[in-house]
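As structure tokens, the structure follows; a few thoughts come after it.
The values are calculated or read from the model by the stated rules, or taken from the named source; none is laboratory data. Bear in mind the structure is a predicted one, so any value in this text is a computation, not a measurement. Glycine gets a Cβ as well: all are built from the backbone with ideal geometry, and neighbour counts include every protein chain shown.
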Amino acid sequence: MGEFISQARKLAWSSDKSSDPAEPPSVKRISRSAPLSDFIEALEKDGCVIIKDFTDVATLKQSMDEVKPWLEKQDTGAKVGALQGKTRTVTKLIGRSETVREKFFADPLYQDLCEHFLGLETTHWYGPDPLTTKSDPLLSISITFDIPPGTPAQGLHRDDKNHHARHSKAKSYEKGRDLLLGLFVPACNTMKANGATRIVPGSHLWGDEMPDFGPDGNEGVTDAEMQMGEAFIMLGSLYHGGGAYDKTLGTGEDAATERRTVHAMFSCTGVHRQEEISFLSYPIEDVKTYSKIVQERLGWKQSEPNLGWVDLKSPEFMLA
Ligand SMILES: O=C(O)CCC(=O)C(=O)O
Ligand SMILES: [Fe+2]
């Protein structure tokens with residue numbers, strides 16, 4: 001059924017650098033000039049990593065200029081999922097901020113990591129012939145969180161709950177274990193005091209039993225503190241949650257508008273349902289103006305062999 005398109009593809013591989021198993025999991029800060037394998041190794045071992053020089057202050061400011069009008073339209077915060085009513089959001093973020101779309105989401109390092117962790121390549125049999133087909137990752141959701149002082153901590157959770165993911169306890173990482181890879185780009189310095197994301201390095205290898213964070217709930221929990229320009233990447237199975245932003249720090253230029261603002265993007269595999277329905281969120285006339293990688297990640301390219309078609313064809317032809 002349908003023409004089979006065979007495509008050469010970079011060979012999928014697992015990191016073979018075995019890190020010291022005695023070293024406890026932590027979140028590593030790595031410069032983007034490091035080899036891709038360093039990021040893969042960190043994600044496999046810790047479930048997360050910080051890119052030290054992901055972007056710069058000027059680009060972050062540009063992104064904020066683009067999202068601010070959308071934030072200002074919202075007077076009350078969203079109350080869905082892990083959001084508790086105070087956090088303002090900018091949904092459909094890929095369409096509303098060109099900077100987020102082309103500079104952050106399309107970032108080659110993030111996309112290479114998505115391809116590594118979420119790209120699928122599977123060999124099946126068609127009669128006596130082995131056929132290998134490929135499915136690229138998709139954008140699952142893009143959203144800005146704008147979190148004011150007075151916001152309590154979220155419960156620690158795994159974002160792949162949305163896909164009903166199940167996990168078996170493992171000693172080491174096996175490729176294909178995860179179906180989501182998240183990218184958090186904070187537009188301000190994030191620290192414990194303004195509710196930096198609480199993360200549990202190593203928890204991506206845990207099973208589905210009730211997690212034990214010790215008597216005070218902090219065992220194994222670290223604050224993903226970041227300076228502007230840094231970005232945090234995590235697997236969908238990592239336990240995490242927004243921290244408590246108890247009170248205004250009063251350190252900003254204008255304490256009255258002080259916020260923790262974070263652009264968040266999640267990619268999923270090409271065979272999972274996207275959190276945000278891309279074809280209803282981003283009009284085709286807009287998509288035509290996006291870069292090719294973004295078009296593909298929004299679903300305007302089929303997943304081989306036979307998913308995501310229009311008239312039995314890969315939908316790129318509709319963007320021509
Ligand atoms: O606020 C954060 O840093 C994380 C938000 C989050 O994990 C969520 O809303 O699912
Ligand atoms: Fe989350």
Filter segment 192-215 down to the residues that are surrounded by fewer than 17 Cβ atoms within 10 Å (Cβ to Cβ) and either among the aliphatic types (A, V, I, L, M) or under 14 Å from the mean Cα position of the chain (by Cα) (or both) and list them by number. 210
Yes or no: segment 189-205 includes at least one residue that is touching a Phe, Trp or Tyr at 6+ places or on another chain (Cβ under 6 Å), within 23 Å of residue 114 (Cβ to Cβ), within 16 Å of ligand 1 (Cβ to nearest atom) and not aromatic (Phe, Trp, Tyr). yes
Filter segment 12-26 for residues that are modelled with pLDDT of 65 or more and polar (S, T, N, Q) and give the result. 26
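The rows are residues; the columns are (1) buried (at least 17 other Cβ atoms within 10 Å of the Cβ); (2) within 22 Å of residue 146 (Cβ to Cβ); (3) at pLDDT below 95; (4) not polar (S, T, N, Q).
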{"position": "3", "(1), (2), (3), (4)": "no, no, yes, yes"}
{"position": "10", "(1), (2), (3), (4)": "no, no, yes, yes"}
{"position": "28", "(1), (2), (3), (4)": "yes, no, no, yes"}
{"position": "38", "(1), (2), (3), (4)": "no, no, no, yes"}
{"position": "47", "(1), (2), (3), (4)": "yes, no, no, yes"}
{"position": "67", "(1), (2), (3), (4)": "yes, yes, no, yes"}
{"position": "72", "(1), (2), (3), (4)": "no, yes, yes, yes"}
{"position": "75", "(1), (2), (3), (4)": "no, yes, yes, yes"}
{"position": "80", "(1), (2), (3), (4)": "no, yes, yes, yes"}
Among 201, 215, 211, which is at pLDDT 95 or above, more than 16 Å from ligand 2 (Cβ to nearest atom), of a type outside the set (A, V, I, L, M, F, W, C) and part of a loop (DSSP other than H, G, I, E, B)? 215
Complete set of residues in segment 109-134 that are over 14 Å from the mean Cα position of the chain (by Cα) and of a type in the set (A, V, I, L, M, F, W, C): 120, 125, 131
Number of positions in segment 104-132 that are in contact with a Leu (Cβ under 9 Å, 6 or more places away or on another chain) and in a helix (DSSP H, G or I): 10
Somewhere in segment 224-238, is a residue among the β-branched types (Val, Ile, Thr), in contact with a Ser or Thr (Cβ under 9 Å, 6 or more places away or on another chain) and either exposed (fewer than 12 other Cβ atoms within 10 Å of the Cβ) or at pLDDT 95 or above (or both)? no
Go through segment 85-107 and report how many residues are surrounded by 17 or more Cβ atoms within 10 Å (Cβ to Cβ) and free of Cβ contacts under 8 Å to residues at least 12 places away in the same chain. 0
Restricting attention to segment 133-148, and to residues there that are within 16 Å of ligand 1 (Cβ to nearest atom) and either outside any strand (DSSP E or B) or of a type outside the set (A, V, I, L, M, F, W, C) (or both), which single residue is farthest from residue 299 (Cα to Cα)? 148
Is it true that some residue in segment 149-166 is more than 16 Å from ligand 2 (Cβ to nearest atom) and within 23 Å of residue 43 (Cα to Cα)? yes
Of the residues 99, 151, 132, 123, which single one is in contact with a Ser or Thr (Cβ under 8 Å, 6 or more places away or on another chain) and at pLDDT below 95? 151
With the requirement that a residue be within 15 Å of ligand 2 (Cβ to nearest atom) and part of a loop (DSSP other than H, G, I, E, B), what does segment 167-185 give you? 178, 179
